[in-house]
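A quick write-up on the structure given underneath.
The values are calculated or read from the model by the stated rules, or taken from the named source; none is laboratory data. None of these values were measured; they are calculated from a predicted model. With ideal geometry, Cβ positions are generated from the backbone for all residues, glycine too; neighbour counts draw on all protein chains shown. Accessible surface is based on the protein model in full, side chains and every heavy atom, while ligands, DNA and RNA are left aside. Shrake-Rupley method; radii C 1.70, N 1.55, O 1.52, S 1.80 Å.
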Amino acid sequence: MTTILVFANQKGGVAKTTSTLNTGVALREMNHKVLAVDLDPQGNLSMSQGIDPDSLTNSMYNVLIQRESIDGIIQRREIEVAPASIDLAGAELALSSAIGRERALEKALMEVKHRYDFILIDTPPSLGLLTINAFTAADGVIVPVQCEYLSLRGLAQLEKTLEMIRENLNPHVEIKGILPTMFDARTVHGREAIEILRDSFGGLVFNTVVRKTIKFAEAPVQGRSILSYEPEGKAAETYRTLAKELLNGNTSQHEERRFSEPLPVHGAYI
Ligand SMILES: Nc1ncnc2c1ncn2[C@@H]1O[C@H](COP(=O)(O)OP(=O)(O)O)[C@@H](O)[C@H]1O
Ligand SMILES: [Mg+2]
């Protein structure tokens, strides 16, 4: 059985790409077979595995628009990667008039799905046709949320889109978990953000909390995951813990944080 997970949040800079890659590598370390699909025209996931999107002759664009085989574009890195290139930016428009436009990715994955335990999909910061293709192909959605600039309204919009997908395209897709990222324990702000998330979404929030550290910016420059860049570091360990939580439910040792003081809800969060 293959599990297809989408990392989505229409807000940019919340660690979608970082989480897709490092969760994938953590699952790979546990001997699972993993494919990461880069659906963001910016190609950050591809770049963070040392693939230059500008040098590609074929990418997810050709797969989705020209219905070429996805097998032909997959590259083996720390995990297997189906890369994006900048022309993917034109895919939404090109797809919009195509029959079965929401199912192009689901169809493409059919060919290779059996080879993997996990297919992780990185999406652009929008709820457009590329992200809808990902939701249509998926079993679950992981929503990284930056603790600093929490947008509950953004999460409500995402859930509304998923509701529409369930009604029309993929009845079983659901939010698998909300992942707090870039957490800074030293700020009241960061702690409040987690508290608000847990109050609003309860058990849907992962126990694993990803802390803010510069290592996450350093690793991709070298075309490596954080697990390869600093294998013994805390950041690597966090994504291993997340992978365990994904596999086992909320059982692993975790960084759950509860704070005793009552929390004012700031308008800035909503
Ligand atoms: N836990 C973290 N702490 C500090 N910086 C991070 C963390 N996670 C990601 N980043 C950095 O923040 C930026 C945005 O992350 P990215 O994964 O590209 O977000 P998205 O894909 O949602 O746009 C990148 O430069 C990344 O290296
Ligand atoms: Mg990204």
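Taking a point 7 Å from the Cα of Ala217 along the Cα-to-Cβ direction, the residues of the range 16-39 with backbone N closer than 20 Å to it are 16-22. Rolling a 1.4 Å probe over the protein heavy atoms gives the range 3-269 an accessible area of 43 Å² per residue.
Beyond 23 Å in Cα-Cα separation lie the following of the pairs Lys212/Lys244; Lys16/Lys234; Lys11/Lys234: Lys11/Lys234. Candidate cross-link partners of Lys215 among the aspartates and glutamates, defined by an alpha-carbon separation under 15 Å and a same-chain spacing of 8 or more, comprise Asp184, Glu230, Glu232, Glu237.
The radius of gyration of the Cα set in the range 3-269, together with its Dmax, comes out at 17.8, 56 angstrom. The listed peptides 92-103, 17-28, ordered by packing as a protection proxy, come out as 17-28, 92-103 (highest mean of other Cβ atoms within 10 Å first). Local charge for Val173 was computed over the other residues whose Cβ lies under 9 Å away, with Lys and Arg +1 and Asp and Glu -1, and equals -1.
Per-peptide packing, taken as the mean over residues of other Cβ atoms within 10 Å, places 151-159, 166-174 in the sequence 151-159, 166-174 from highest down.
A crude spin-label estimate for the pair Glu148 and Ser55, with each label 7 Å from Cα along the Cβ direction, gives 3.3 nm. Protection proxy ranking, highest mean first, for peptides 181-193, 234-246: 234-246, 181-193, where packing is the per-residue count of other beta-carbon atoms within 10 Å, averaged.
Indicate the gyration tensor shape class of the range 143-217 (rounded, prolate or oblate), computed on the Cα atoms with a ≥ b ≥ c the square roots of the eigenvalues: a/c under 1.5 is rounded; otherwise a/b larger than b/c is prolate and the rest oblate.
prolate
Helical content of the chain, expressed as a calculated mean residue ellipticity at 222 nm, amounts to -11000 deg cm²/dmol (DSSP H runs of 4 or more residues, -39,500 (n - 2.57) each, divided by residue number, nearest 500).
Computed over protein heavy atoms with a 1.4 Å probe, the carbon and sulfur contribution to the accessible area of the range 3-269 reaches 51%.
Here the range 3-269 carries DSSP beta bridges of which approximately 5% are antiparallel, counting only pairs with both residues inside. Relative contact order of the chain: 24 percent, from C-alpha pairs under 8 Å at least 6 residues apart in sequence.
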